[in-house]
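The values are calculated or read from the model by the stated rules, or taken from the named source; none is laboratory data. Please read all numbers here as calculations on a predicted model, not as lab measurements. Note that we place each Cβ from the backbone using ideal geometry, even for glycine, and neighbour counts take in every protein chain shown. With ligands, DNA and RNA removed, areas are computed over all heavy atoms of the protein, side chains included. Shrake-Rupley method; radii C 1.70, N 1.55, O 1.52, S 1.80 Å.
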Amino acid sequence: MIRGTLIAFSQNKRAKKFVLSNGLARRAARRFVAGEELDDAMAAARASNESGLKATLDFLGENVTSREDAVRAREMYLGVFDRIAREKLDANVSLKLTQLGLDFGAEFCLEQMLPIVKHAESLGNFVRIDMEGSAYTQRTVEMALRLRRESAAVGTVIQSYMRRSEEDVRTLVAAGCRIRLCKGAYLEPPEIAFPEKKDVDENYVKLMRALLPSGVYHGIATHDPAMIEATKQFAEEKKIAKDKFEFQMLYGIRPDLQKSLIREGYRMRVYIPYGRDWFPYFMRRLAERPANVLFIVRNLFR
Ligand code: FDA
């Protein structure tokens, strides 16, 4: 109920305007967002690297409403890869196709994506295409496959709450596509997504077991100790070395767990969002754990 309300809120233009202009909310968002400028994200990535964590940088933005905004996002990402190379950071990039103009058609979006992927490839780096709501799942999988035919420097995300994901994993892995496995952060109807956490978790473990032995380097993205334990056990059982996959977590969430996995010798990447368009991202983080709302409110009034 709270989850649904917060996710619905994340798409509300008036709420967005109000929250973005509110200094207190901006401060609260800093728990999950590195800052509004690329410099903030670079500093967070550097600090992460110094603690042994890899990073992925996400310039916040989704569903751009003009082609010009999509082109600006493309230019931003080209520049981000240059900065990462110049500053020798262990970091790649995560982006959303609706930020690169998917709402203006697949061909237009491909025109923005291809230079980014080629540039990443030329620098020995990598682009991760985040998975958005179900209206975009099919088009995201198709775009990932098209780009993967051009370059190995691109991968995408699979959500274990989607009933179709097993099939998508098969198709993407057959194409050699690197996958980040997560549970899924959007509000989806039960016809297409498992409504119960138990089923989402069960499917997560099933998909993890399909991904790890595939010979492709995948990301296991979760803060759930049960999912992490299942992954560790399975990898051990199948003698899959610790450098053949990585764990991934979000900036500001379970930093203790991030560090303990590093100490155990696992690879860990932290997802670092930055930029001014932090409202929908922030709302999804609150929706994942309604206790966060209380945490934020307590801190605001302390
Ligand atoms: P679950 O929600 O069951 O939480 C397990 C535990 O983790 C909680 O008990 C709590 O301790 C902690 N936790 C989880 N979320 C928290 C929060 N917001 N605040 C504080 N504690 C929290 N989704 C998507 O649809 N498309 C995508 O592309 C991505 N990309 C992505 C990248 C990375 C690196 C991560 C880690 C996650 C995503 N996600 C995503 C989000 C993902 O789908 C999911 O919503 C969250 O990771 C929460 O699910 P958990 O697996 O952590 O488990």
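Inside segment 57-85, residues that are of a type in the set (Asp, Glu) and within 15 Å of Asp40 (Cα to Cα) make up a count of 1. In segment 248-257, which residue that is within 10 Å of the ligand (Cβ to nearest atom) and more than 22 Å from Val19 (Cα to Cα) is most open to solvent (accessible area, probe 1.4 Å)? If we take residues in segment 248-257 being within 10 Å of the ligand (Cβ to nearest atom) and more than 22 Å from Val19 (Cα to Cα), then Arg254 is most open to solvent (accessible area, probe 1.4 Å). Being modelled with pLDDT of 95 or more, open to solvent by 10 Å² or more (accessible area, probe 1.4 Å) and either assigned to a helix (DSSP H, G or I) or of a type in the set (A, V, I, L, M, F, W, C) (or both) is a condition met by no residue of segment 268-277. Taken over segment 116-133, the criterion of being open to solvent by 10 Å² or more (accessible area, probe 1.4 Å), out of contact with any strand residue (DSSP E or B) (no Cβ under 7 Å at 6 or more places or on another chain) and either within 10 Å of the ligand (Cβ to nearest atom) or at negative phi (or both) is satisfied by Lys118, His119, Glu121, Ser122, Leu123, Gly133. Looking only at residues of segment 59-71 that are touching a residue at least 40 places away in the same chain (Cβ under 8 Å) and away from the ligand (no atom under 16 Å from the Cβ), we find that the one that is least open to solvent (accessible area, probe 1.4 Å) is Ala70. On the stretch given as segment 168-226, residues that are polar (S, T, N, Q), within 13 Å of the ligand (Cβ to nearest atom) and either more than 18 Å from the chain's Cα centre (by Cα) or assigned to a helix (DSSP H, G or I) (or both) total 1.
As a summary of the residue check, Met76 satisfies the conditions (1) touching a Lys or Arg at 6+ places or on another chain (Cβ under 6 Å); (2) open to solvent by 10 Å² or more (accessible area, probe 1.4 Å) except for the one numbered (1). Of all residues assigned to segment 6-25, none qualifies as being open to solvent by less than 10 Å² (accessible area, probe 1.4 Å), touching a Ser or Thr at 6+ places or on another chain (Cβ under 8 Å) and within 26 Å of Arg289 (Cβ to Cβ). Quick check on segment 262-284. Is at least one of its residues more than 15 Å from Arg30 (Cα to Cα), out of contact with any strand residue (DSSP E or B) (no Cβ under 9 Å at 6 or more places or on another chain) and within 15 Å of the ligand (Cβ to nearest atom)? Checked segment 262-284: no residue is more than 15 Å from Arg30 (Cα to Cα), out of contact with any strand residue (DSSP E or B) (no Cβ under 9 Å at 6 or more places or on another chain) and within 15 Å of the ligand (Cβ to nearest atom).
This table checks each residue for (1) acidic (Asp, Glu); (2) touching a residue at least 40 places away in the same chain (Cβ under 8 Å).
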| site | (1), (2) |
| --- | --- |
| Leu211 | no, yes |
| Thr231 | no, no |
| Glu236 | yes, no |
| Lys239 | no, no |
| Asp243 | yes, no |
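The set of residues in segment 33-58 that are surrounded by fewer than 20 Cβ atoms within 10 Å (Cβ to Cβ), not charged (D, E, K, R) and not in a helix (DSSP H, G or I) comprises Gly35, Ser51, Gly52.
Do we have Ser66 as closer than 23 Å to Gln258 by Cβ and polar (S, T, N, Q) here? Spelling it out, it is not the case that Ser66 is closer than 23 Å to Gln258 by Cβ and polar (S, T, N, Q). Here Gln99 clears all of (1) over 17 Å from Ala70 (Cα atoms); (2) open to solvent by less than 30 Å² (accessible area, probe 1.4 Å); (3) part of a helix (DSSP H, G or I) except the condition numbered (1). Is segment 178-188 home to any residue that is surrounded by fewer than 18 Cβ atoms within 10 Å (Cβ to Cβ) and modelled with pLDDT of 95 or more? Within segment 178-188, none of the residues are surrounded by fewer than 18 Cβ atoms within 10 Å (Cβ to Cβ) and modelled with pLDDT of 95 or more.
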